[in-house]
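Student: Below: one structure in structure tokens.
The values are calculated or read from the model by the stated rules, or taken from the named source; none is laboratory data. This structure is a prediction, so every number in the text was calculated from the model and none was measured. With ideal geometry, Cβ positions are generated from the backbone for all residues, glycine too; neighbour counts draw on all protein chains shown. All accessible areas refer to the heavy atoms of the entire protein, side chains included, with ligands and DNA or RNA removed. Shrake-Rupley method; radii C 1.70, N 1.55, O 1.52, S 1.80 Å.
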Amino acid sequence: MSYAIRAEGLVKRYGDTVALNGVDLEVPAGKVVGVLGPNGAGKTTTVRILATLLRPDAGWATIGGHDVVRDPVRVRALIGLTGQYASVDETLSGMQNLVLLGRLLNLSTRQARARAADLLERFELTDAATRPIATFSGGMRRRLDLAASLVGRPQVLFLDEPTTGLDPHTRNGLWDVVRALVADGTTVLLTTQYLEEADQLADRITVVDQGRVVAEGRPGDLKRRIGGQILHVRPTLAADVEAVAGFLTQLTGLTPTRDANTGLLSVPAADPILVSALVRQLDAAGISADELGLRLPSLDEVFLAMTRQSTSAERTAA
């Protein structure tokens, strides 16, 4: 298998604070790998090292086979980076921003204008091309920021929480753009705190906590790893929640989790026959449900379980 990104044993310290403590990472060419983790887990530090913006204190990393420390110029020619906040110049127009970047990347004026026009059309910004960025909405700025990272036609694209603060409609639009880029052969490393985003886009997921990789694999594999399927039920009447919770405890021996806003009850279920057993109990009690079924754990549940395990292991070691 060809890997666009490889890293082994990355360590980064800031005084007494260890931001990365031996991170390993492999990203196959033409795929999307999502890096998940709580605030301060080391996601952005990892991206900054891979993008040659930071030097690791230990370990090594390569992009397209080129070492990020020994050959940073060649690495920069292969990558694009979209950070957590828009990095465009607000006093310039969208067209001027992209042309400026093209010229900095040694494109001729004609080539830079052609590339800018193509990207503005691709990101549905042509009508606003001559407007100052200060007049753009948040979603328009993020789209232009992503367009800016593509001026040099990068083989590898780093997206560091690219949809932070965007509304669902704009976020879905950016997801479509990322899918199109990957279909064209671009490799994407995505850091995000939106678990749904990783579930939608990533071929593989790496979970980072306290500067270490605590889990990795395909989304479906990670979901199965934390306990198989989840039985969930939402009674029609709020008054029936306690009774249904009792039924779930009787059937599984576990206390179900509750969503206080929706009344949804959830509990791990190793045996699919529990669904029919619960239906019989609800029918006998005359209780109706608006939602009932089995599903794999969500990435939110994977994330919480993996980071809890990491924290518990750290405390045990201490």
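Student: Among what's in the range 173-204 and is outside any helix (DSSP H, G or I) and β-branched (Val, Ile, Thr), pick the residue that is farthest from GLY217 (Cα to Cα).
Tutor: Filtering the range 173-204 for residues that are outside any helix (DSSP H, G or I) and β-branched (Val, Ile, Thr), the one farthest from GLY217 (Cα to Cα) comes out as THR186.
Student: Considering only the range 215-223, I want to know if a residue exists there that is surrounded by 22 or more Cβ atoms within 10 Å (Cβ to Cβ), farther than 27 Å from LEU254 by Cα, at pLDDT 85 or above and within 15 Å of the chain's Cα centre (by Cα).
Tutor: no
Student: Name every residue in the range 1-22 that is farther than 16 Å from ASP67 by Cα and either in a strand (DSSP E or B) or at pLDDT 95 or above (or both), in order of residue number.
Tutor: Matches in the range 1-22: LYS12, ARG13, TYR14, THR17, VAL18, ALA19, LEU20, ASN21, GLY22.
Student: Do we find that SER310 is at pLDDT below 65, within 34 Å of the chain's Cα centre (by Cα) and open to solvent by less than 30 Å² (accessible area, probe 1.4 Å) in this structure? If you could, list the steps in order and put the result at the bottom.
Tutor: Numbers: at pLDDT below 65: yes; within 34 Å of the chain's Cα centre (by Cα): yes; open to solvent by less than 30 Å² (accessible area, probe 1.4 Å): yes.
Here the answer is yes, as SER310 does meet what is asked.
Student: For the range 149-160, name all the residues that are in contact (Cβ under 8 Å) with a residue 40 or more places away in the chain and open to solvent by 60 Å² or more (accessible area, probe 1.4 Å).
Tutor: Correct list: GLN155 only.
Student: Right, something else. Restricting to the range 132-159, name every residue that is closer than 14 Å to SER87 by Cβ and polar (S, T, N, Q).
Tutor: SER149 - this is the single residue of the range 132-159 that is closer than 14 Å to SER87 by Cβ and polar (S, T, N, Q).
Student: Kindly establish whether ASP57 is open to solvent by 60 Å² or more (accessible area, probe 1.4 Å), of a type in the set (Asp, Glu) and under 28 Å from ASP16 (Cα atoms). Before the answer, list the steps.
Tutor: Values: open to solvent by 60 Å² or more (accessible area, probe 1.4 Å): yes; of a type in the set (Asp, Glu): yes; under 28 Å from ASP16 (Cα atoms): yes.
For ASP57, the condition - open to solvent by 60 Å² or more (accessible area, probe 1.4 Å), of a type in the set (Asp, Glu) and under 28 Å from ASP16 (Cα atoms) - is met.
Student: Right, here's the next one. Can you name the residue in the range 115-148 that is out of contact with any Leu (no Cβ under 6 Å at 6 or more places or on another chain) and of a type in the set (Gly, Ala, Ser) and is also least open to solvent (accessible area, probe 1.4 Å) among such residues?
Tutor: ALA128
Student: Follow-up question, since we're still on this one. Go through the range 168-206 and give me each residue that's more than 9 Å from the chain's Cα centre (by Cα) and aromatic (Phe, Trp, Tyr).
Tutor: TRP175
Student: Related question: Can you name the residue in the range 82-111 that is in contact with a Pro (Cβ under 9 Å, 6 or more places away or on another chain) and within 24 Å of THR44 (Cβ to Cβ) and is also least open to solvent (accessible area, probe 1.4 Å) among such residues?
Tutor: The residue in question is THR82.
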